[in-house]
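Below is one structure, written out as structure tokens, with a few remarks after it.
The values are calculated or read from the model by the stated rules, or taken from the named source; none is laboratory data. Values in this document were obtained by computation on a predicted structure and should not be read as measured data. Glycine gets a Cβ as well: all are built from the backbone with ideal geometry, and neighbour counts include every protein chain shown. Each accessible area value is taken on the protein alone, full model and side chains, heavy atoms only, with ligands, DNA and RNA left out. Shrake-Rupley method; radii C 1.70, N 1.55, O 1.52, S 1.80 Å.
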Amino acid sequence: MTRPAAEPSPALPIATRVLPFLPLLFIASGCAALIYEIVWFQMLQLIVGSSAISLGVVLGTFMGGMCLGSLLLPRFVSNREHPLLVYAKLEAGIGVFGLLILFGLPYAGGLYIAIAGLGMTGLFLRGVLCAICLLIPTMFMGATLPAMARWVEATPTGVSWLGFFYGGNIAGAVFGSILAGFYLLRVYDSAVATYVAVAINVVVALAGLGLARLTPHQGQDVPAPAPPEAAIPSGAWPVYVAIALSGFTALGAEVVWTRLLTLVLGGTVYAFSLILAAFLIGLGIGSAAGSFAAGTVKAPRAVLGWCQLLLVAAIAWGAWSLNSALPYWPVDPSLSSSVGLTFQIDIVRCLWTILPAALLWGASFPLALAAVADGQRDPGRMVAGVYAANTVGAILGAVLTSICFIAWFGTQGSHRILIVLAAVAALITLVPVVVGSGALAWRARRMAWGAVAVVATGLVVVGIAPVSEMLIAYGRFTASWLPNHATIIFHGEGMNSSMAVSRTANGVLNYHNAGKIQASSEPQDMRLQRMLGHMTTLLPAHPASVLVIGCGAGVTAGAVSVDPAVEHETIAEIEPLVPKVVSRYFSEHNFAVVDNPKVKVQIDDARHFVLTTDQKFDAVTSDPFDPWVRGAATLYTAEFFDLVKKHLNPGGVVTLFVQLYESSPETVKSEVGTFMEAFPNGLVFGNTENGKGYDLVLVGQLTPGPIDLTAIDAKLGRPEYSVVAQSLREIGINSAEDLFGTYTANGTQLKPWLADAQINRDRNLRLQYLAGFGLNMYRQAEIYDQMLQYRQYPDGLFLGTPDRLAAVRAGIMGEQ
């Protein structure tokens, strides 16, 4: 039907001509928004770090901007403005700022790095940086729904369309999260991903402009309510509180469930994309269902309250699934013939856990809109208020849960808090409905049922089980490790990660983090850790100051600390519980390193610490998380290695641990190739198990020079070096020739093998995408054999007496 130009009333033509197309715009807009969110988070973590505090600041700023945008648009944009035209301008603005952030963030980051410090000052400056970069575009994002809200009537039937807009936005976000995580950032980089998002914004803006031309709009200014409290309609405050608590429980549960699901699935970028997609799928379906109900049910407030009450059971379901069910499903990912098949199982596990609650959270928003709609208020203001309340709750839920609740109360306590808050939201919403309507007997029956619900909630809270210690220790391999697992002697949930310490029947200690063994007192692991630490201090002429990236079991840091030439050692560790608790279990093996007076433990993301410190070091050794753990790739980029070089004193040395197990040839090539780009004359030393490849130590020298075997042996023979010599003997190394006889190759020799290596750079973080495909592979022997094909004795690398040179040559070429 076509509206006559002389009749400006838009109701019927809008419903028949325009409204069905608007969810398509929101689908595209949501897709672009999620691409931006993932790209911006990835870019900002390179500057402010990957710690829970840093990411909490980024998330809080992102969502805070959306909240401000939703509140400010109705107050500063006249109701006479065409909603579609305003929406188009907002989308265009998002695209412009997307480009500005892409090109301007390095300059803003440089300013931050120049003035950043520690403590509250550093935290404040992180917030300032995030606000400078994210506030305006996220305000535009948050303003889009209130802008479009003026295209419908502020009635339950009218705002049901807003629920469909919101659901369409979420559906687009699902596609955006998958597109960015599985394709754009895996194949290309943050620049290409940004260009795709900008292109989507441009298309949406043009479509909005076209629709605005086809559908004239006539509106009138609605004056703002005089007293501030009138912004919330009389009697509607329970709805605003309930939707705020709904946002709190939604984002709080997402934080908790992401922590636990990454143990079940493995903490790869793909796991995070699948978790986010599952969460958004539930929100989208729930929003569509809630939108339909908002236009049909007579009491949307009561339905909103029932949704919150059902969330008590849904959150408990998620807790039970993650603590008592999913870890014990008979799934062994190492048996899969394809990573794609593994992803199929992973998405099922995500939906199994998340979907029931996400459906209810998704339905809550349109029901809340319908509950406060009275047909009299400016739809933009109405939507802005509900959206802002929901977003404020979400900010508090995400930040408090990630920074405080898990660290203080664990995931068990966090689940209990979220369940109680969901019950409070239900009571706040339902009590006025129960008390204020119906006959006395009917109200009494409903109050009795309410009492039953309260008691049931209490029983649910008490029944929440603690997190499985087996899940913390063995993660995705929990089911397959059950028959022969070691005794868990400690498990804890820190601010950034969950960890455990176990002891086998024969006394071997294991340090578990990210759902796997990260270090142990097994001979092959002790050999690697001691090699890494002792090479770091034996190669430089004067290793007075050393930086150790990653504390873990503390064995590498301990090997560094016992060198008498080391005067100051700094350990950069992201998780406070690791040096405080875990490393003390390994004190027999790490020389009680955290209690050594010359050792300082710096709790910070290592990249952020190196970026912001003015210290210089004689040596740096890095033993970070597995490269497939999301965020770890930032410590393997070419830019980071160049940054480390700038913090080295003349003659400085860098050593890096590279694992061959749970990896692929493409992953190892990326790690080694990126390191060799920073240190073209870098050296590779191998640590083998039963003669087969196991892991590597990479060595880079600021000023490449020969290794004097005679001088090192003489040093090891001195009384003050007796502890170092004994430490090496314990791992089967009795001389400098034994230590450096593990030589595998150098950068020049490996050039043919590295010809197709994908260099890991800040703009692509390629390593984490490659490593995410290889975490269930065990091809270490094959990878090491490939490297050995290029091994030749390195003439001129070693100095020493003829017998020493002969011994090291024999070790290298396998003659001994």
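Could you run through the range 624-635 and say how many residues are touching a Leu at 6+ places or on another chain (Cβ under 8 Å) and crowded, with 24+ Cβ neighbours inside 10 Å? The qualifying residues number 4. Scanning the range 378-390 for residues that are in contact with a Gly (Cβ under 9 Å, 6 or more places away or on another chain) and open to solvent by 10 Å² or more (accessible area, probe 1.4 Å) turns up Pro379, Tyr387, Ala389, Asn390. No other residue among Phe124, Phe76 is at pLDDT below 90, among the aromatic types (Phe, Trp, Tyr), within 27 Å of the chain's Cα centre (by Cα) and open to solvent by 50 Å² or more (accessible area, probe 1.4 Å) apart from Phe124.
Residues that are more than 30 Å from Ile47 (Cα to Cα) and among the aliphatic types (A, V, I, L, M) do not occur anywhere in the range 759-775. Could you tell me which residue of the range 736-773 is farthest from Gly814 (Cα to Cα), considering only residues that are surrounded by fewer than 22 Cβ atoms within 10 Å (Cβ to Cβ) and acidic (Asp, Glu)? Once the filter is applied, the top-ranked residue is Asp762.
Considering the conditions (1) in a helix (DSSP H, G or I); (2) among the polar types (S, T, N, Q); (3) surrounded by fewer than 18 Cβ atoms within 10 Å (Cβ to Cβ), Ser337 is excluded by exactly one of them, (1). Identify all residues within the range 479-503 that are closer than 13 Å to Ile517 by Cβ and either charged (D, E, K, R) or buried (at least 21 other Cβ atoms within 10 Å of the Cβ) (or both); write none if there are none. Within the range 479-503, Ala486, Met499, Ala500, Val501, Ser502, Arg503 meet the criteria.
Cβ-Cβ contacts under 8 Å between residues 6 or more apart (or on different chains), taken from a first residue in the range 789-815 that is of a type in the set (Gly, Ala, Ser) to a second residue that is open to solvent by 40 Å² or more (accessible area, probe 1.4 Å), are listed as Gly796/Pro706; Gly800/Asp708; Gly800/Thr710; Ala807/Gln816; Ala810/Gln816; Gly811/Asp738.
Every condition in (1) at pLDDT 95 or above; (2) touching a strand residue (DSSP E or B) at 6+ places or on another chain (Cβ under 6 Å); (3) open to solvent by 10 Å² or more (accessible area, probe 1.4 Å); (4) over 25 Å from Gly796 (Cα atoms) holds for Tyr694 except the one numbered (1). For the structure I just gave you, tell me whether Thr703 is surrounded by fewer than 22 Cβ atoms within 10 Å (Cβ to Cβ) and either closer than 15 Å to Ile783 by Cβ or in contact with a Ser or Thr (Cβ under 9 Å, 6 or more places away or on another chain) (or both). The answer is no for Thr703.
Applying the criterion of being free of Cβ contacts under 8 Å to residues at least 24 places away in the same chain and among the charged types (D, E, K, R) to the residues of the range 717-735, the residue that is farthest from Ile812 (Cα to Cα) is Arg718.
Please tell me if Ala781 is touching a strand residue (DSSP E or B) at 6+ places or on another chain (Cβ under 6 Å), within 22 Å of Gly691 (Cα to Cα) and either open to solvent by 10 Å² or more (accessible area, probe 1.4 Å) or not in a helix (DSSP H, G or I) (or both). Considered against the rule, which asks whether it is touching a strand residue (DSSP E or B) at 6+ places or on another chain (Cβ under 6 Å), within 22 Å of Gly691 (Cα to Cα) and either open to solvent by 10 Å² or more (accessible area, probe 1.4 Å) or not in a helix (DSSP H, G or I) (or both), Ala781 comes out as yes.
Per the listing Ala407, Ala425, the residue uniquely in a helix (DSSP H, G or I), at pLDDT 90 or above and crowded, with 24+ Cβ neighbours inside 10 Å is Ala425.
Filtered by the rule that a residue be out of contact with any Phe, Trp or Tyr (no Cβ under 8 Å at 6 or more places or on another chain), hydrophobic (A, V, I, L, M, F, W, C) and open to solvent by less than 30 Å² (accessible area, probe 1.4 Å), the range 79-94 gives Val86, Ala88. Can you name every residue in the range 103-121 that is modelled with pLDDT under 80 and surrounded by 15 or more Cβ atoms within 10 Å (Cβ to Cβ)? Ala116, the sole residue that qualifies.
When we screen Leu134, Leu100 for residues that are more than 23 Å from Leu214 (Cβ to Cβ) and either without any contact (Cβ under 8 Å) to a residue 24 or more places away in the chain or open to solvent by 20 Å² or more (accessible area, probe 1.4 Å) (or both), the only hit is Leu100. Applying a threshold of 6 Å to beta carbon distances and a minimum spacing of six or more residues, or different chains, the list of pairs starting in the range 688-705 at a residue that is assigned to a loop (DSSP other than H, G, I, E, B) and ending at one that is surrounded by fewer than 18 Cβ atoms within 10 Å (Cβ to Cβ) reads Thr703/Gly651; Pro704/Asn681.
Rundown of residues vs (1) more than 28 Å from Val39 (Cβ to Cβ); (2) at pLDDT below 90; (3) open to solvent by 30 Å² or more (accessible area, probe 1.4 Å), yes/no style:
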position: Pro156; (1), (2), (3): yes, yes, yes
position: Ser160; (1), (2), (3): yes, yes, no
position: Val203; (1), (2), (3): no, no, yes
position: Leu209; (1), (2), (3): no, no, yes
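Here Val192 meets each of (1) open to solvent by less than 10 Å² (accessible area, probe 1.4 Å); (2) touching a Leu at 6+ places or on another chain (Cβ under 9 Å) with one exception, condition (1). Scanning the range 548-599 for residues that are among the hydroxyl-bearing types (Ser, Thr, Tyr) and within 15 Å of Ala519 (Cβ to Cβ) yields Thr556, Ser583, Tyr585, Ser587.
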